[in-house]
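A.B. asks: Encoded as structure tokens, here's the structure I'll be asking about.
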Amino acid sequence: MSAAEPAARAEALRRQLDHHNYCYYVLDEPEIPDAEYDRLLRELQQLEETHPELVTPDSPTQRVGARPLERFDEVAHRIPMLSLDNAFSEQELEDFDRRVRERLKKAAAKVVYSAEPKLDGLAISLRYEAGRLVQGATRGDGRHGEDVTQNVRTIPSIPLRLMGEGWPEVLEVRGEIFMPRAGFETLNSVQRERGEKTFVNPRNAAAGSLRQLDPRITAQRPLAFFCYGTGEVVGHPMSATHSGNMALVREWGLPVSSELAACDGIAACHRYYDRMGGRRDKLDYDIDGVVFKVDDLAQQQQLGFVARAPRWAIARKFPAQEEMTRVEDVEFQVGRTGALTPVARLEPIFVGGVTVSNATLHNMDEIERKDVRIGDSVIVRRAGDVIPEVVSVVRERRPPDTHAVQLPAHCPVCGSAVIRPEGEAVARCSGGLYCQAQRKEAIKHFASRKAMDIEGLGDKLVEQLVDQGLVGSPADLYALRQEQIAALERMGEKSAANLVAALEASKETTLGRFLFALGILGIGETMANTLARDLGSLDAIESLTLSDLIGVSASQAVKLHARLSDLDEDGQTPLGRVLPPADLKWCRHVHLLMLEERFATLAAIQAAQPEELANDPRVRIEGVGEVLSEKIVTFFRQPHNREVIDGLVNAGVHWPDPRPARAGAQPLEGLTFVLTGKLEQPRDHYKELLLAHGAKVVGSVSKNTDYVVAGEAAGSKLKKAQELGVAVIDEQALLKLLEKQG
Ligand code: I6G
């Protein structure tokens, strides 16, 4: 390479990397795979290592690197960072619009507003000089903030240099730094794994991450940025409207919300607010309202400011999703699988648009982790349709007379012992179907849409049937007589007849649905279908043994044999009672159970040759490991479960062979489908058809997907399929494909 070549190559690499960074973080439309990006970055790093004189401050290699600070310096904002007035009702927004029109002397005309969601993050000002990022500052008191330049440089969606050309000599942009929800969840699970403090919400996580003195910590946090306005601008006329300015900064590579829209008059603002409210929980980030701004900058100037807020903008807030209240008591609810869930009984509080008086505490580990005590003041969160939860305790408000939450020793519903295996977060009632709560939940699950799909058998009806002793297990449902049902509360002849017909119709099902309906711990809808497809019949599933599913290799068998030979037991001890040897990491209780299944006692094992202990599993089912194997086999060994299954089959529940084409090959075997968008028939219908033809149906698109079936309004999955070059077909094409296979 000549002397000029490394410099030219470094600049070319910087341009490419800036471009791909923009595609990935700002447009959310990557053009190259991550590995290719990493390769380019490595090449630039190596080049800069060999030629340190080529390193520029805005090189993508220089996002992180500065040393920790002792403290943040103060920054004076040349143009103050204002705050916003709030409107809490439609009327307050109407009043704002009336004031605007009156001041503009346009009382009879409509004003054009620019609208965008108000992100729940931290306000920031970014300063670019000659297109280079030179400063990032927090809002502070609006006149003085903190210099967090080192930290904002680590945020990938913030360009270190502006794109394109013709940008102002000085460009200050204002916006919000936030943490997307998915990043927040990942960050908290990492914090939890490391035994470190978790964050209460994405906003606190974003604030905590930005205010780190060590930029290397900020760099590891999934922060993002949206620009919502400009500050000082020198050497450029900019646009005559706010939306025009946002279009300009977007061209220069700064991220602007894709939700930014113009609203012609106040009625359009109300519609925008309602629409955004409906989508609030589906966005990737938390928002707490919508900001409306007079779009015309000359009009903005005419309107001016009052105190610290512009007269030309307002935030119409959504109902708060977090509020403070007091824990009056903690009770335990018993679920279908016997899991005890602690539920906080709260002093009623209006949050997320409804009055909440119960909130989940998930499990005992969560109670310990959050240190929740009865009598505490807590922050409760209710977002959308999600079950309200206790997020944290307000420790400063803890009164002296709080008391600890105790896990009950006995099930609050049936009195059976409560078991919490060591190291497990979930405590369970050991009562099984003897427990009314589990019975009710098991029957609700059995009847549910994705299981036996018994129309008209809702939760309230199940509760009545169980409470009145008419139904004790799912099999009893099919013995119900019309007059028994008609005599129940809120039932009549017609609804009873409908339910009897629905029960009759539900008898014709699929093996996958039937297995799912049984409610075996750990067997969700997908796994039930996999078992049905791979094993083909209920008989084959019922007769599975642990050694069919779990293997012990020859070398493992030698080690196991040596350790078990050391044990000095009475010769008759069932292996299931022997603890797995602590020095054999791979060996679990289930391996001993498996050997017990084959050898019956420890003495028999000790007498066997090591190679006799080794075995190959007969069936390998994707996703079935040691834990699930034990659950499946244990379920079918319980006499009461077999009774229920026999009862159901005797009542006439039946299904076609899930592998009708087994004699030949499964026509769609080996193909993976994703269903997305609005289809004319329910997705489950196609899912069952595809599974019956041997295909796999998964929820997300990857390079391993063969077909994406896209209906109306298909969104990100369709986009991803197009990016990855996965075949996209519509519903008609899918039907043709299925028809062709017969
Ligand atoms: O705090 C803010 C959030 C969002 C804002 C803002 C905004 O626009 C979408 N706009 C202004 C003008 C101000 N604060 C002062």
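A.B. asks: Quick one: is Val633 assigned to a helix (DSSP H, G or I) and closer than 15 Å to Met527 by Cα?
C.D. replies: Yes: the conditions hold for Val633.
Results for (1) farther than 19 Å from Glu29 by Cα; (2) touching a Pro at 6+ places or on another chain (Cβ under 8 Å), shown as yes or no for each residue.
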{"site": "Gly229", "(1), (2)": "yes, no"}
{"site": "Val233", "(1), (2)": "yes, yes"}
{"site": "Ser243", "(1), (2)": "yes, no"}
{"site": "Ala247", "(1), (2)": "no, no"}
{"site": "Cys263", "(1), (2)": "yes, no"}
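A.B. asks: Continuing with the same structure: Take segment 111-162 and flag every residue that is of a type in the set (Ser, Thr, Tyr) and away from the ligand (no atom under 13 Å from the Cβ).
C.D. replies: Within segment 111-162, Tyr128, Thr149, Thr154, Ser157 qualify.
A.B. asks: Which of the residues belonging to segment 715-732 are touching a strand residue (DSSP E or B) at 6+ places or on another chain (Cβ under 8 Å) and hydrophobic (A, V, I, L, M, F, W, C)?
C.D. replies: Those that are touching a strand residue (DSSP E or B) at 6+ places or on another chain (Cβ under 8 Å) and hydrophobic (A, V, I, L, M, F, W, C): Leu718, Ala721, Val726, Ala727, Val728, Ile729.
A.B. asks: Might you check whether a residue that is within 16 Å of the ligand (Cβ to nearest atom), surrounded by 15 or more Cβ atoms within 10 Å (Cβ to Cβ) and polar (S, T, N, Q) occurs anywhere in segment 258-272?
C.D. replies: no
A.B. asks: If only one of Val390, Val372 is in a strand (DSSP E or B) and under 21 Å from Ala339 (Cα atoms), which one is it?
C.D. replies: Sole residue among the options that is in a strand (DSSP E or B) and under 21 Å from Ala339 (Cα atoms): Val390.
A.B. asks: Output the residues belonging to segment 304-329 that are in contact with a strand residue (DSSP E or B) (Cβ under 8 Å, 6 or more places away or on another chain), at pLDDT below 95 and basic (Lys, Arg).
C.D. replies: Listed by number, the list holds a single entry, Lys317.
A.B. asks: A further question on this structure: Just a yes or no: is a residue in segment 338-348 within 16 Å of the ligand (Cβ to nearest atom), touching a Lys or Arg at 6+ places or on another chain (Cβ under 6 Å) and either within 30 Å of Tyr273 (Cα to Cα) or not in a strand (DSSP E or B) (or both)?
C.D. replies: Among the residues of segment 338-348, not one is within 16 Å of the ligand (Cβ to nearest atom), touching a Lys or Arg at 6+ places or on another chain (Cβ under 6 Å) and either within 30 Å of Tyr273 (Cα to Cα) or not in a strand (DSSP E or B) (or both), which makes the answer no.
A.B. asks: Something else: Looking at segment 661-732, what strands (runs of 3 or more DSSP E) fall wholly within it and have at least 1 residues that are modelled with pLDDT under 85 and among the aliphatic types (A, V, I, L, M)?
C.D. replies: So the answer is 696-698.
A.B. asks: Here's another thing I want to ask about it. With respect to the numbered conditions (1) assigned to a helix (DSSP H, G or I); (2) among the basic types (Lys, Arg); (3) closer than 15 Å to Thr230 by Cα, which one is the sole condition not fulfilled by Arg174?
C.D. replies: Failed condition: (1).
A.B. asks: May I ask you to list the residues in segment 163-177 that are more than 16 Å from the ligand (Cβ to nearest atom) and under 21 Å from Thr138 (Cα atoms)?
C.D. replies: Across segment 163-177, the qualifying residues are Val170, Leu171.
A.B. asks: Please find, among Glu146, Glu185, Glu116, the residue that is within 30 Å of Gly277 (Cβ to Cβ) and assigned to a strand (DSSP E or B).
C.D. replies: After applying the criteria, what remains is Glu116.
A.B. asks: Out of all the residues in segment 300-322, which are crowded, with 18+ Cβ neighbours inside 10 Å, part of a loop (DSSP other than H, G, I, E, B) and within 10 Å of the ligand (Cβ to nearest atom)?
C.D. replies: The one that is crowded, with 18+ Cβ neighbours inside 10 Å, part of a loop (DSSP other than H, G, I, E, B) and within 10 Å of the ligand (Cβ to nearest atom): Trp312.
A.B. asks: Can you go through Arg577, Arg588 and tell me which one is at pLDDT below 85 and touching a Pro at 6+ places or on another chain (Cβ under 6 Å)?
C.D. replies: The match here is Arg588.
The values are calculated or read from the model by the stated rules, or taken from the named source; none is laboratory data. None of the values given here were measured: they were computed from a predicted structure. Please note: Cβ atoms are built from the backbone with ideal geometry, for glycine as well, and neighbour counts cover all protein chains shown.
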